[in-house]
1. Looking at Leu395, Leu384, which one is within 16 Å of Ala63 (Cα to Cα) and assigned to a loop (DSSP other than H, G, I, E, B)?
2. Quick one: is Gly442 among the small types (Gly, Ala, Ser), without any contact (Cβ under 8 Å) to a residue 60 or more places away in the chain and out of contact with any Phe, Trp or Tyr (no Cβ under 9 Å at 6 or more places or on another chain)?
3. Name the single residue that is nearest to Arg104 (Cα to Cα) among those in the stretch 189-238 being part of a helix (DSSP H, G or I) and hydrophobic (A, V, I, L, M, F, W, C).
4. Kindly indicate whether Leu186 is in a loop (DSSP other than H, G, I, E, B), within 16 Å of ligand 2 (Cβ to nearest atom), open to solvent by less than 10 Å² (accessible area, probe 1.4 Å) and in contact with a helix residue (DSSP H, G or I) (Cβ under 9 Å, 6 or more places away or on another chain).
5. From the residues in the stretch 220-233 that are surrounded by fewer than 23 Cβ atoms within 10 Å (Cβ to Cβ) and more than 9 Å from ligand 2 (Cβ to nearest atom), which one is nearest to the chain's Cα centre (by Cα)?
6. Got a sec? Which of Phe443, Phe378, Phe385 is of a type in the set (Phe, Trp, Tyr) and surrounded by fewer than 17 Cβ atoms within 10 Å (Cβ to Cβ)?
7. Select, from Val373, Val310, Val329, Val336, the only residue that is without any contact (Cβ under 8 Å) to a residue 60 or more places away in the chain, touching a helix residue (DSSP H, G or I) at 6+ places or on another chain (Cβ under 7 Å) and more than 24 Å from Gly411 (Cα to Cα).
Amino acid sequence: MISRFELTRFWWLKSLLKSRLLQPGLMLLTLFFFVVAIVAGFFGTPAGSRNFGIIYVWIVWWALLIIILVPFFGRLWCTVCPIPGPGEWLQRRGIIRRTPGRPRSLRWRWPRYLRNIWLQNFGFLAVAIFSTVILTRPNVSAWVLLGMILLAVALSIFYENRVFCRYVCPVGGFIGLYSLTSTLELRVKDTQVCKVHTTKDCVTGNACGYGCPWLVFPGNLERNTYCGLCTECLKSCPKDNIVLNLRPFGTDLLVAKGRSLDEAYKALIMLTCALLYSAVLLGPWGWVKDWANMVSLSQWAIYATAFLGVNLLLVPAVFWLTSAAARMVARLEVPVKRLFIDYAYSLVPMGLIGWIAFSVSFVFVNGSYAIAVLSDPFGWGWNLFGTRPVPWTPLLPGLVPILQVSLLLVGLVISIVIAYRIGRQHAQSHTQAWLGTLPVSGFLAGITLTFLWLYLG
Ligand code: SF4
Ligand code: SF4
């Protein structure tokens, strides 16, 4: 039995979450910074370290997202993300008040074969093969940000609700998977109340709130993956049956219902990308960085092919063999494909912590640029808050490797425990579950050693 602490028992928090002002207010605030990032990208200095679009998106926002928001608050970023804002406000013909009727769109139906996160997997990889360019060239970064907002608006015109967030956004895909680990969840208080509540206002909407824009029925929620924490159901549920809970880290990883191949691939892709990014951006091979940075198109094409091959074929093939070995060693009477999918969820803590370890290195080293850029976001010589002269100062450089090693070891232990508990769902005994965990632990240990080798040399 998982212990939970209901946060919405605090009346002030509940009132805040039910307010129609809160979410759009925060989205407008993030939209302002988003626009500044785009303007800085197009018209600001081309020096990445002096440009708001690079420093505040790829260092400050990224660090906030991966180190704090996702592990502790799950999809909280999706609550305030500005990207779907303009499209959603167009659909609703308003920003704050609840406009009457259903949100407007051309009501096209999203193809059934795309109702999964494969598009998000491929979208993430597409961004990843260009990432060295995106992370260092402000104008490319601005095009990516602008492209995402325009795509979200276009999809809002054709399709109802937040199709962009649910099926397309490459960032939303991994936030959803990693929010399985988060210590925050939105759930119904009593599923029985939902079963007998025939009008299902949380789905259809009512005068207090819109029907779930993420196409979720809160009464069935058992995992965080597809709830965007938009707070609409808190407003629309007339039975006051929606709650926000604190719960232990990694709770949803043990929920068997809803596991799927697209999510398993997402877990593998994220873990592999964390390793490859560490190798390309932090490793000692300058030539790999040049190839990734598109110094020559033919060399970049080789890099991109290798990057995709490792992500989509090599690592999944190794993990498939690992799952087959687990089946054989533990004599599990489950298809290898089932084990491949289920055990992939044990890679989620390792992947998330791998990304945190990777991020720690450049956040500690380059984070101080944010202080100067705050006063001069476009690199035009402004000094808005008097912080422009603050020099680049790496923060506690001696601490970075210690933090990385500690994080990776913690990630390894959590992942092994999750692998065992997933194995236990298929095994008849503890011994059988531990035997099944052995090959997966070998895979995880191999990944950890590769990270350590890359970080410690
Ligand atoms: S409106 Fe409330 S009680 Fe009714 S189905 Fe939705 S969450 Fe359950
Ligand atoms: S379940 Fe509720 S909070 Fe989650 S996306 Fe749907 S309406 Fe928003």
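The values are calculated or read from the model by the stated rules, or taken from the named source; none is laboratory data. In this text, all values refer to a predicted model and were calculated from it rather than measured experimentally. Note that we place each Cβ from the backbone using ideal geometry, even for glycine, and neighbour counts take in every protein chain shown. For accessibility, only protein heavy atoms count, side chains too; no ligands or nucleic acids. Shrake-Rupley method; radii C 1.70, N 1.55, O 1.52, S 1.80 Å.
1. Sole residue among the options that is within 16 Å of Ala63 (Cα to Cα) and assigned to a loop (DSSP other than H, G, I, E, B): Leu395.
2. Criteria not met by Gly442.
3. That would be Val203.
4. So Leu186 fails the test.
5. Arg223
6. Values: Phe443 fails: surrounded by fewer than 17 Cβ atoms within 10 Å (Cβ to Cβ); Phe378 fails: surrounded by fewer than 17 Cβ atoms within 10 Å (Cβ to Cβ).
That would be Phe385, the only listed residue that is of a type in the set (Phe, Trp, Tyr) and surrounded by fewer than 17 Cβ atoms within 10 Å (Cβ to Cβ).
7. Val336
Yes/no per residue for (1) within 16 Å of ligand 1 (Cβ to nearest atom); (2) open to solvent by less than 60 Å² (accessible area, probe 1.4 Å); (3) closer than 20 Å to Val171 by Cα:
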position	(1), (2), (3)
Gln192	yes, no, no
Thr199	yes, no, no
Pro213	yes, yes, yes
Val216	yes, yes, yes
Lys235	yes, yes, no
Asp262	no, yes, yes
Lys266	no, yes, yes
